[in-house]
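Notes to accompany the following structure.
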Amino acid sequence: MKNQNLLDRSLQAVWHPCTQMKQHEQLPLIPMSRGDGVWLIDHTGKRYLDAVSSWWVNLFGHNNPRIKDAIKQQLDTLEHVMLAGFTHEPVVKLSEKLSQLTGLGHAFYASDGASATEIALKMSFHYWRNVGQTEKTQFISLQNSYHGETLGALGVTDVAIFKDTYASLLTQSAQMPSPDFRLAEAGERAEAYALRCAESLEAYVAEHHETLAAFIIEPLVQCAAGMGMYHHSYLKRAREICTQHNVHLIADEIAVGFGRTGTMFACEQANIKPDFICLSKGITGGYLPLSAVLTTDAVYAAFYDDSTARGFLHSHSYTGNPLACSAALATLEIFETDDVHHKNKQTAAYAKDKMQALTNLPIEHMRQQGMIWAVDIKTNNPSFAKDCYAQALTQGLLLRPIDNTVYLMPPYVVNEADIDFMIEATQYAIQHAL
Ligand SMILES: *Cc1c(COP(=O)(O)O)cnc(C)c1O
């Protein structure tokens, strides 16, 4: 009864994200009441394994005692203070730690990933203006890229379903061929294909560099494109090309940062340093909204001046919120004490092996990068994604396919029994959604 009531009230009062609300006439919302490790528990007590880490934000499980305690402690001292004119220990500590980890600095905070994208784009544009290169106003991104859905971020995003409706509102940007190796020619190796895409990038940048401010890229995995993975040599070439032609490289590590691809940051696998790094999602372990952009001393120096207008005057009300920073510090501390990357390697290998169970289904492009596994399903069912999602729910699995891509991206605390369950339920869901 209570369950039904909450569901109806939600449909009346809440406009749910990324949702055609009318579809809830068929597929009911699920009122969740608790979280516990990799599990979510609904109002009837039914358990769901959170195989998408609640939209890629959760790293160390729901109801994590260490992150929870850090927030509680902070709550007893200072819940929030504006960051213009004031500072506090959590934001200073977090900025120092992020700087150590990324090799960049001057952390600028916001609350969502899309805001981090906006900040990086504005900073890059403003940098070129401050150094007198006012013609450098254009941005480029990859085909099928996703950088968030506010207008500026959507301008460099290339996912039709999110972008096309708003096209006339958006700043134009050019898209470079994606190194996603699903797009390679038959028989072409991932690295050869990545390098071929880098040649196109080079040709474009060589021709347009005088008007280009920055190239924004999702390192190693284009998650929203359906877990499009690519060879790290593309990143290495992108860095060289941007450096050679005086164009900023913005690494959007909002989804892939904090260990998801097997290293703390995906850029490490190409041994490159971007000019800007955008962070969010996993930064607080999935507890509170927080995002950050870090950049180079050179960029920072171009804003440091007697003139107010040469400063970066961007702000959000909750910039550097102490509770969110405390959650982030607790999350980073888990990385420091728990040998997370090593453990993830073992988990990843175990799951990769178990994924073989899916090979008797009509699949292609089985792939894995760190703690992300994906396959594309060959089916003529136009509502495969929705049906697969619904079928998985019946099994107690939260799976959210992107078009025909089924992916698993669970919290890092997933154990072998969880993986067995997750893959068995995935197999069932695919089979019943074909
Ligand atoms: C999710 C995501 C964003 C946007 O973050 P929000 O917090 O949803 O605004 C930007 N870039 C990438 C790569 C993402 O995956």
Legend entry - Computed label-point distance, nm, for sites Arg189 and Lys378 using a 7 Å Cα→Cβ extension: 2.6
Legend entry - Separation in nanometres of the label points that stand 7 Å from Cα toward Cβ, at His43 and Gln26: 2.4
Inset, instruction - Output the relative contact order of the chain, whole-number percent, from Cα pairs under 8 angstrom with separation of 6+ residues. - result: 21
Inset, instruction - Kindly report the accessible area of the chain per residue (heavy atoms of protein chains, probe 1.4 Å, no ligands, DNA or RNA), in Å². - result: 45
Legend entry - Candidates per trypsin sites (Lys or Arg not before Pro) in region 362-419, loop by DSSP, up to 15 other Cβ within 10 Å: Lys378
Legend entry - Karplus-derived HN-Hα couplings along region 356-366 (A = 6.51, B = -1.76, C = 1.60, θ = phi - 60°), whole Hz, x at Gly and Pro: 4, 4, 7, 6, 8, 9, x, 10, 9, 6, 5
Inset, instruction - Once you've got the GNM for the chain with C-alpha springs shorter than 10 Å, pick whichever of Arg189, Arg239, Arg47 has the biggest mean-square fluctuation. - result: Arg189
Legend entry - Listed residues Ile119, Ile67, Ile272, most fluctuating in the chain (Gaussian network, C-alpha, under 10 Å): Ile272
Inset, instruction - Can you tell me the FRET efficiency between Gln133 and Ala203 if r is taken as the Cβ-Cβ distance and R0 is 25 Å, rounded to the nearest 0.05? - result: 0.70
Legend entry - Label-point separation, His314 to Arg9 (7 Å along Cα→Cβ), nm: 3.8
Legend entry - Those lysines that a straight Cα-Cα span of less than 20 Å connects to Lys386, excepting residues fewer than 8 apart in one chain: Lys22, Lys378
Inset, instruction - Subtracting the Cα-Cα distance from 0.36 nm times the residue separation, let me have the gained length for His365 to His432 in nm, one decimal. - result: 22.1 nm
Legend entry - Distance from region 400-434 to region 101-116 (C-alpha centre basis), Å: 31
Legend entry - For region 270-321: relative contact order, % (alpha-carbon pairs under 8 angstrom, 6 or more apart): 26
Legend entry - Under 5 Å, built H, 5+ apart or other chain: amide partners of Arg34: Ile41
Inset, instruction - Mind checking which lysines have their Cα closer than 19 Å to the Cα of Lys97? Skip sequence neighbours fewer than 8 apart in that chain. - result: Lys273, Lys281
Inset, instruction - For the chain, with a Gaussian network of springs between Cα atoms less than 10 Å apart, report the residue from Gly85, Gly285, Gly37 with the top mean-square fluctuation. - result: Gly85
Inset, instruction - Determine the relative contact order of region 92-212: mean sequence separation of Cα pairs under 8 Å and six or more apart, normalised by residue count, in whole percent. - result: 21
Legend entry - ³J(HN,Hα), Karplus 6.51/-1.76/1.60, whole Hz, each residue of region 209-216, x for Gly, Pro: 4, 5, 10, 8, 8, 7, 10, 9
Inset, instruction - Please work out whether the chain counts as rounded, prolate or oblate from its C-alpha gyration tensor, where a ≥ b ≥ c are the square roots of the eigenvalues and a/c under 1.5 means rounded, while otherwise a/b larger than b/c means prolate and anything else oblate? - result: oblate
Inset, instruction - Give the shape of region 181-309 as rounded, prolate or oblate, defined through the alpha-carbon gyration tensor: a ≥ b ≥ c are the square roots of its eigenvalues, a/c under 1.5 means rounded, and otherwise the shape is prolate if a/b is larger than b/c and oblate if not. - result: oblate
Inset, instruction - Calculate the dipole size of the chain relative to its Cα centre from +1 charges on Lys and Arg beta carbons and -1 charges on Asp and Glu beta carbons; express the result in debye to the nearest 20. - result: 600
Inset, instruction - Please work out whether region 34-163 counts as rounded, prolate or oblate from its C-alpha gyration tensor, where a ≥ b ≥ c are the square roots of the eigenvalues and a/c under 1.5 means rounded, while otherwise a/b larger than b/c means prolate and anything else oblate? - result: oblate
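What is the calculated FRET efficiency for Asn415 to Asp306, with r their C-beta to C-beta distance and R₀ = 41 Å, to the nearest 0.05?
Efficiency, rounded to the nearest 0.05: 0.10.
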Legend entry - Dipole magnitude of region 353-419 about its Cα centre (Cβ charges: Lys, Arg +1; Asp, Glu -1), debye to nearest 20: 120
Inset, instruction - Compute the separation of the alpha-carbon centres of region 192-218 and region 28-78 and state it in Å as a whole number. - result: 41
Inset, instruction - For region 22-28, just list the computed ³J(HN,Hα) in residue order, Karplus coefficients 6.51, -1.76 and 1.60, θ = phi - 60°, integers in Hz, with x standing in for Gly and Pro. - result: 4, 5, 6, 5, 9, 10, x
Legend entry - Solvent accessible area, Å² - Trp39, 1.4 Å probe, full protein context: 40
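The values are calculated or read from the model by the stated rules, or taken from the named source; none is laboratory data. Computed from a predicted model, the values in this text were never measured in an experiment. Because the Cβ atoms are built from the backbone with ideal geometry, glycine has one as well, and the counts that use them run over all protein chains shown. Calculation scope for accessible area: heavy atoms of the full protein, side chains included, ligands and nucleic acids excluded. Shrake-Rupley method; radii C 1.70, N 1.55, O 1.52, S 1.80 Å.
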